[in-house]
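Read the structure below first, then the notes.
Any read-out appearing in this document is the output of simple, stated calculations on the displayed coordinates, not a laboratory observation. Quick caveat, the model's predicted, so the values are computed rather than measured. Positions of Cβ are generated from backbone atoms using ideal geometry, with glycine treated the same way; all protein chains shown enter the neighbour counts.
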Amino acid sequence: MTRTQVSSTASKALFLLRELPPDPEVVGSKAANLLDAANRGLRIPETAVIPTFVYHDMVPGDGLTPQEIRARIDALDLEPLGRQLSAALEAQFGDIRFAVRSSSNMEDAADRSFAGQYESFLDVPPHGIADAVRGCWRSLWSDDALTYRGSTAGRPAMAVIVQPFLRGRLGGVAFSADPVSGNPFQIVIDYVGGDASVVTDGTVGTQLVKLELHDVMLRRAAEPFQSIAEACLKFDRPVDVEWTWDEPRGLSLLQVRPITGVRRFTLPGTTLGAYCLPIPEPFSRLGASLEFEKNAIYQTMVRRLSTPGFRSKMLVVYGRLYLFEEPGTTSRRRITAGLFYSLAQALFYFSKRRPVRQPIALEGTARASLLAAVRRYLSFYRTSSYAGYLYNNATGLLVRYLNMLTAGQYNRPLLYSLLACPRSVTVRRDQGLHALAQLLTRTDDVDWRARQTPAFIAEYEKYCSEFAYVFADRNPRDPHFEIDHALAYSLLAGRQHQETGAGGAQWEREVFGVIRARRFGAVRLAIFKVARLLYRNSVGLVKEDRNHTFYLASTRLSEFIAREQAALCRELSLREIEDLYFMTLREIEGGGSARLREFRRRVHTLSREFVDPTVAADAAVAAHAAGSTLTGIPCSPGVVTGPVVFVRARQDFTKATPGSIIVTDNLRPFWTPVLASAAGLLCSTGNVLSHGASVAREHGVPAVLGLGEILFTLREGEIVTVNGLTGQVLRQPPV
C-alpha cells in the first residue's frame, strides 16, 4: 500500500503495521524500524498503527504556535475515535491491555534518537487508548521536545503504535556495540526481571552483561543472551534494541533504533602491550594466514643464522594484524656462515623467480592448484628473505667503507643515499607510471579509458599485468580484488607534468670530491664505484624485489580464485567464493566451520567500518605542542618545509599535492607513487634500511622514520620543517 492509498482511507484510523509501507512519513520512524526488524525475520508483537495522516487531519497546526497546538489537542473530542479504536483493537486482539508508543517521523534517526522526548503509555486498557493517543500527539509539541528538536528541518508529525502489553520474565535493552567505547566487537545487554521500561527509565538497579562477538557468532553464550545478541547482529548498522523475554514465547523486540552519540572506536593500546600495528587495513583470514606463514619463515631464518635482526610475534586483534618485535641474539661465527648461506639462496632466488610472474595453472583440482601455488610463493619468499639478509650485510659493509673513505665527515643517511639502486623494482614501477602518464589523454568522462589511444591502452594493460596492486586496494588480505580505474586515472593525471626524482646526485658530487682529495683517493673511489656497480646489479635489487614478488603473487592468487570460483566452492562446500577469504591455509587443506567463517566475515566488515587504527595520543605525547621539535631516525637527507598530509589508505593519495609532507605509520610497498608529489616523508615506524627509507632515497625525498606514536599529534595541514639529515621535525608555532 502506497502513501497515497493510505491517505485516501481517511475513514479508517487503525491499521496493522504489515498493511502499511515502511515510510517514516506514514508510520513514523519507530514503527518503520519495527517493520524492518520483522522483515529480517525477528519477532515483534502484533502491532497496529495510527498513521500520521490521522494526526494531520485532526491537528491542523499550520501557522499556530506550539502553545496553541497543545491547546487545540487538549480540546479535541476523541470519544468517536476512541470508540473506533476500542472496537478495532478488541476485534483484533481481544480484551487485553496495551502499550501505546509515540512514533514521530523525526525520532530514532542515525544522528538524533529523541530518546525519552515523546510520551509512551504502558498497561493501557482499551477504553484508555484515546487518552494515550492524545498524550502522544501532545508530546510532539512539549517544551522539552521543542528544545531537543531545535531547528531540525521538516514538518513534525506523529504516528502512534498500539501493541499488546507483554509482561515478560526478563526485559531490557541491548546494544550491538559498546555505547561507551564504541567497540563494535562487544554486545552490551542491560536487563531486569520484568518490564523493560524500568531499564530505559533508570528507576531501578539492573544487571549488565557484555558478550564478545566471537562467543555470539560461535553460539557459546547462554540463553536468552545468545538470542538477544543474534537479534542485534541481524542489522547492518549498530542498533539499540528494547526487548522482552518469556517462555515459551521467547524473544520479542519492542523497539529498534540506531545507536547515536558513539565515538569512533580506537584500538586500546593498553591491551596490546608492546605490539605495534604495521598495516592499518584489516586482513582477511586468508591474508593473515599468509602473513603468519611469512613470519614463520623469517623466524626460521633468524634462528638459523642468529642474525642481529628481530624476533617477531603476530597477533590478530579485531581483524587487524599486530606485530611485536624484539632484538635477536647474535653469533659472529654463525653470522659469517649465514652470509655464505644467504649468497646461495640469493643465487637460487634469481634463477627461479620467473614462474611467480606467470598466471597460476590449473593442475589437478582447483584446491590442490591453489595450495601448490601458495607453497611455491612461500618458497620464493623464503629464498628472497635470505637474499634480503645478504642485501643488509652488503649495504652495511659499503656504508662502513664509505665512512672510512670520508673519514667520518658524513652521517649514515647521506651515505645510504649514495647506494640508492636506480634499477630497483620500485624505481622501475614508478618510472613506468610516469611514462604511462605522458600518454594519458585527460577527460572528464567516468569511463576515461574509452577516450584513450590504442598505444595508451596497450601500455596500461601491460603495466597492470605486473603492477596491478598499485591501482587496487584488494589482495588476499581482503576479498574483491579489483583494479580501481578511477584511482588509476587520478594517479596518472597527477604524474603527467611531474619530473622523476633525481636521487642524491648533489650529495654524490660533494662526497666524491672529498674522497678524491684524500690520499689515494682516486684509486679508492674507483674501487667503491666498481663495488657499487656490482651491488646495484645484484643484491641491491633484492630489498624491494622481495616485496614486489609477494604482492605480485597475491595478485595471481586473487585472479586464480576469481577464475576457478565455481570449482573451489564445490570442492570446499562454500556458499560463495568470498567464504574462501575467511579460511586459513590449513582449513583450505582440511575444511573449516561455516559459522567460524561467518564470524570472521563480520569482524572484517566491522574492522573496515568502525576501527580507527590511529593510536590516541596520551598526555605525555600531547605535551609536544606547536613550536616543538620531534626527533626520529634520519633516513634520507635534505631539508624541506610544507603542510602535513595524512596518508592511511590509497584513497588518500589525491590529498598529496606537490610540496606536501606525507605522514603515515609505515610506507606500504605499493604506495610509492605518492612520493612523486611529496616534498618529505614522516613515518611512525621504520629505520634506515626499511622500505620507506630506501624509496625516499631513490626519489630524493627527505625522510625521518621511527617517530613513534608522537607523530600523530601533528594536525592535517600543519606546517612542519623536515630535516632528513639530522632526523628532526620542527613544528611551526601558530601565527
Charge dipole magnitude, Cβ of K and R +1, D and E -1 - region 425-495, Cα centre, debye nearest 20:
240
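I need the calculated FRET efficiency for the pair residue 379 and residue 493, taking r as the beta carbon distance and R₀ as 41 Å, to the nearest 0.05.
Efficiency, rounded to the nearest 0.05: 0.55.
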Sorted by average packing, counted as other Cβ atoms within 10 angstrom per residue and highest first, what order do 159-170, 384-395, 220-231 take?
384-395, 159-170, 220-231
How large is ³J(HN,Hα), in whole Hz, for each residue of region 35-47 in order, when computed from phi with the Karplus curve 6.51 cos²θ - 1.76 cosθ + 1.60 and θ = phi - 60°, using x for Gly and Pro?
5, 4, 5, 5, 5, 8, x, 9, 7, 10, x, 4, 10
Name the residue farthest towards the positive end of the dipole of region 167-263 from the options 255, 191, 168, assuming +1 on Cβ of Lys and Arg, -1 on Cβ of Asp and Glu, about the Cα centre.
255
In straight Cα distance, which lysines are under 22 Å from residue 12, not counting same-chain residues fewer than 8 positions off?
30
What's the FRET efficiency of residue 536 with residue 147 using the Cβ-Cβ distance as r and R₀ = 60 Å, to the nearest 0.05?
0.25
Taking a crude spin-label model, label points 7 Å out from Cα along the C-beta direction, the residue 445 to residue 363 distance in nm is 4.3
With a ≥ b ≥ c the root eigenvalues of the C-alpha gyration tensor of region 425-495, is it rounded (a/c under 1.5), prolate (a/b larger than b/c) or oblate?
oblate
Assign unit charges at the C-beta atoms only (+1 for Lys and Arg, -1 for Asp and Glu), then state the dipole size of region 1-165 relative to its Cα centre in Debye, rounded to the nearest 20.
280
Could you work out how much longer the chain between residue 127 and residue 575 gets when fully extended? Use 0.36 nm per residue separation minus the Cα distance between them, nm to one decimal.
156.0 nm
I need the phi-derived Karplus couplings for region 568-582: 6.51 cos²θ - 1.76 cosθ + 1.60, θ = phi - 60°, integer Hz, Gly and Pro marked x.
5, 4, 5, 6, 9, 6, 9, 6, 8, 5, 4, 4, 4, 6, 10
Pseudo-spin-label distance residue 38 to residue 400, built 7 Å along Cα→Cβ, given in nm, is 7.9
Taking region 167-263 on its own, what percent of its Cα-Cα pair distances exceed 18 Å?
41
Report, in listed order, any pair from 294/529; 234/655; 462/655; 313/543; 543/655 with a Cα-Cα distance greater than 30 Å.
294/529; 234/655
Scan around residue 638 for amide H atoms under 5 Å from its own, H built in the peptide plane at 1.01 Å from N, and keep only partners 5 or more places away or cross-chain.
724, 725
What is the gain in length, in nm to one decimal, between residue 484 and residue 506 on full extension, counting 0.36 nm per residue of separation less the C-alpha to C-alpha distance?
4.2 nm
Where labels lie 7 Å past Cα in the beta-carbon direction, separation of residue 208 and residue 167 in nm:
3.1
At a Cα cut-off below 12 Å, give the aspartates and glutamates reachable from residue 210, other chains included and same-chain residues fewer than 8 away excluded.
178, 190
The ³J(HN,Hα) series, computed from each phi in region 291-301 with the Karplus coefficients 6.51, -1.76 and 1.60 at θ = phi - 60°, rounded to the nearest Hz and given as x for glycine or proline, is 5, 5, 5, 4, 5, 4, 4, 5, 5, 4, 4
Please sort by residue number the trypsin sites (Lys or Arg not before Pro) in region 521-598 whose DSSP state is loop and whose Cβ has at most 15 other Cβ atoms within 10 Å.
575
On full extension of the chain, what length is gained from residue 218 through residue 655, given 0.36 nm per residue of separation minus the C-alpha to C-alpha distance?
153.2 nm
